[in-house]
Amino acid sequence: GASLPPPLPPAHANVGAAVAGAGATAAAVTGGEREAHWSGKCGVCDHSAQTGSLRNFCTRCGASESGDMWHPQAPGGAPLLGRPRPDALRTVSTNASTTPQTGLLGSTGGAYSEVTAFPSAAASPVASPDAAAPPVPRQWEATASATTWDGDLVTQLTSRVGSVRLAAMEALGKLPPAELEVHLQTLVATLEDQEWQVRAAAAAALGSLRAAASQGVAAALARCSEDRHARLREACARAMGRLGVSEAAPRLGELLEDAEQDVRREASKALGLLGPSPAAAPAAQRLAHSSAEVRAAAQRALLDAKRRVEEIGEEAAPGFSAAALAATLQTLRAHTEPLLTHAEPDARRAAAEVLQRFGATQDDRDLAVRCAVAVLHDASEEVRLGALNELAALGADMRGGGLGEAAATALAGCLADDAPEVRRAAVRAIAQAAPAGAAPVVAELLPHSMLHVRRAAVAALVAMEGEAKDSHIVQIHLALLKDSSPQARCGAVESIAALGAEGRLSPEEVAAVAGLRIDPHWAVRRAAAEALRHFGPEAVRRHAAEVDQLLLDSDWR
């Protein structure tokens, strides 16, 4: 193929500086767009292009086509992606000299230069190998000035080449907010661009404009955040958070459920920036989500909202900080506490963790008890153990029934836990806390079919003091009659015999002792015979058949 024309000499590198200032690698135009716009012309300057053996190139500006992208020539031959047509460029000259220049690039003078032609191969000067290369003008750096060429950048946003629009949008985004505000409506309109990269750049620019918060920009960003590209949704979430518009909270709450982690993280940060009032409802609602990632994002949003109030309070008066923090806790608690009784254990755990990390449980013992009770049936054994230890400590401080019936019922349920450590911790918690109403609930577990549950219930009742233990002493010993240990059964029979002598047994309880006549261990059968003797003549006559069977026992004792 024919050789490409040489690159522009460094001395004239100010050509195309406006877009080169963006300094970004632009996205390629799709194949369909290339076919739609290709008619044998250059994609940069519309000059008739030549077709080589490997690629298409332009004999006027030196641009070359690779894949679906036209690459203009920068100083030194390096490609500059997404440069617009030369006749649309106006740049700022940083040369100290104001002498008009004529020659290859036409006539230029003063602080402005307008490109009219590109050099040909024959006209390009050849520098001596020993000569020092002239410095590259600053126009190629990523700088922008609204007073000189931002209007041209706005014009380039209507280019048919997506890379040109992206470079122009990125250059506009680097303008100071005061200069960028005049282009607010242009930025909003760019959210409808056909290229998602351009829309993302527009969203990032809008996020830096406080004036956009009062002109309905949040609604446009919310619509744009429904795009299928995750990077665009992430940029929109970040922009909505920076604008601080409460109307964006519902959409940010929906983005907490996004499939992409980066989007969820930005939505969480954005909700935190909005503050507790708008963020509490959508974030607390996601605490009950089935996905652990979504619940974690919702937790971060709530904690960030509280932290935001603390930061604002530190910058204001001390009184404002305390009052604002108190109001924040009330707002967040109002939306989080109802989840402590949610049907799903994961939702209860998420709500309890948020309230504990708020610090709301430090001064409110009742809330601390409710948070601990909420996770007693969590799937994690470590979480259950931690909750039991917390209840034991709280009960020791509020001894005398301060935990309440709900806590007593929950503690009794832990006696039937599958994990031995949890059962032992439940016994210790009941012994230390002595919650009111716990004894009847625990006593209901004495006839349980599982041996370890009966033992845990017996241990819990024995650990109680006073009337709670004495009122269930008979049931305790009757439960031990079914224990697998002969020693436990013998001890239970002997204790029941002493109670029977005092007339404290019902006929059914006496019958339970007489039923041990067929116990496999001789010591238990002997203890049952001794107990029947202590029950008196009436009990012996009522259970004469059992006594006769004991008289025929093979063991002489």
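Counting only protein heavy atoms and a probe of 1.4 Å, the accessible surface of region 410-523 is 55% carbon and sulfur. With the crude spin-label approximation of a point 7 Å out along Cα→Cβ, what separation in nm comes out for W556 versus S506? Calculated label separation equals 4.2 nm. Extension gain for N389-A523 works out to 44.2 nm (0.36 nm per residue, less the C-alpha to C-alpha distance). Modelled label positions at E254 and S380, each set 7 Å beyond Cα in the direction of Cβ, lie 3.2 nm from each other. Full extension of the chain between R533 and A219 gives 104.2 nm of extra length, using 0.36 nm per residue less the Cα-Cα distance. Here T158 and E310 are evaluated by their C-beta separation; at R0 = 51 Å the FRET efficiency comes out at 0.65. Report note on the peptides 267-278, 217-228: ranked by the mean count of other C-beta atoms within 10 Å, highest first, their order is 267-278, 217-228. Here region 330-396 has 43 percent of its accessible surface on carbon and sulfur atoms, given a 1.4 Å probe and all protein chains in place.
Sorting 258-266, 438-446 by their mean Cβ neighbour count within 10 Å, with the most densely packed peptide first, gives 438-446, 258-266.
Approximating the spin labels as points 7 Å out from Cα along Cα→Cβ, the A292-to-A178 distance works out to 5.1 nm. With a Förster radius of 45 Å applied to the C-beta separation of D227 and A406, the computed FRET efficiency comes to 0.40.
Packing-based ranking of 168-180, 332-344 yields 168-180, 332-344, ordered from highest to lowest mean Cβ neighbour count within 10 Å.
The values are calculated or read from the model by the stated rules, or taken from the named source; none is laboratory data. Computed from a prediction, not measured in an experiment: that's the story for all the values here. Methodologically, a virtual Cβ is constructed for each residue, glycine included, from the backbone with ideal geometry; neighbour enumeration extends over all protein chains shown. For accessibility, only protein heavy atoms count, side chains too; no ligands or nucleic acids. Shrake-Rupley method; radii C 1.70, N 1.55, O 1.52, S 1.80 Å.
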